[in-house]
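Working notes, structure below.
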Amino acid sequence: MPKQWTLDYLEALSVHDRHNLFKNAVRLSHTEEGSALKAMIEEAGLPFSEGAMLSSEDPAYLKMYDIVHSPEGRASAISAVNNGLPGLAGVEPMIVEALGVD
């Protein structure tokens with residue numbers, strides 16, 4: 001019996017593991033199961049390729065790093081946590097202001 005793939009299973013995978021699964025699905029896309037899995041991964045909206053992630057040399061990544069680790073960014077993150085929010089909630093407005101919404 002073929003494995004029953006679920007969105008929960010795909011979400012739990014690392015990008016690297018999801019990428020390997022996607023490559024296998026592409027290789028087996030001539031089969032019903034491979035084709036269905038390939039479509040499920042593509043439609044899930046989850047990153048499934050190493051290229052989908054920013055590299056540590058990417059200017060956007062470097063700008064986000066600078067913002068998060070700046071005194072203002074750290075203070076905003078701590079304030080958010082103290083108010084019951086994730087730390088990112090404190091720095092996200094600063095990142096959006098610097099980089100835009102894209």
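Counting only residues that are farther than 13 Å from TRP5 by Cβ and among the β-branched types (Val, Ile, Thr), how many does region 30-49 have?
So the count comes out to 1.
I'd like to check something: does region 60-83 contain any residue that is in a loop (DSSP other than H, G, I, E, B) and either at pLDDT below 95 or not hydroxyl-bearing (Ser, Thr, Tyr) (or both)? Break it down stepwise before answering.
Narrowing region 60-83 to residues in a loop (DSSP other than H, G, I, E, B): 70, 83.
Subsequent filtering for residues that are either at pLDDT below 95 or not hydroxyl-bearing (Ser, Thr, Tyr) (or both) retains 83.
Yes.
Which of the following residues is without any contact (Cβ under 8 Å) to a residue 12 or more places away in the chain and either part of a helix (DSSP H, G or I) or surrounded by 14 or more Cβ atoms within 10 Å (Cβ to Cβ) (or both): VAL96, VAL101? Working first, answer last.
Values: VAL101 fails: either part of a helix (DSSP H, G or I) or surrounded by 14 or more Cβ atoms within 10 Å (Cβ to Cβ) (or both).
One residue alone meets the criteria, VAL96.
Give the residue that is surrounded by the most Cβ atoms within 10 Å (Cβ to Cβ), with candidates limited to residues of region 19-49 that are β-branched (Val, Ile, Thr) and touching a residue at least 12 places away in the same chain (Cβ under 8 Å).
Within region 19-49, the subset β-branched (Val, Ile, Thr) is 26, 31, 41.
If we keep only those that are touching a residue at least 12 places away in the same chain (Cβ under 8 Å) too, we end up with 26, 41.
Working: VAL26: 14, ILE41: 21.
Going through the qualifying residues, I end up with ILE41.
The values are calculated or read from the model by the stated rules, or taken from the named source; none is laboratory data. Values in this document were obtained by computation on a predicted structure and should not be read as measured data. Backbone-built Cβ (ideal geometry, glycine too); neighbour counts: all protein chains shown.
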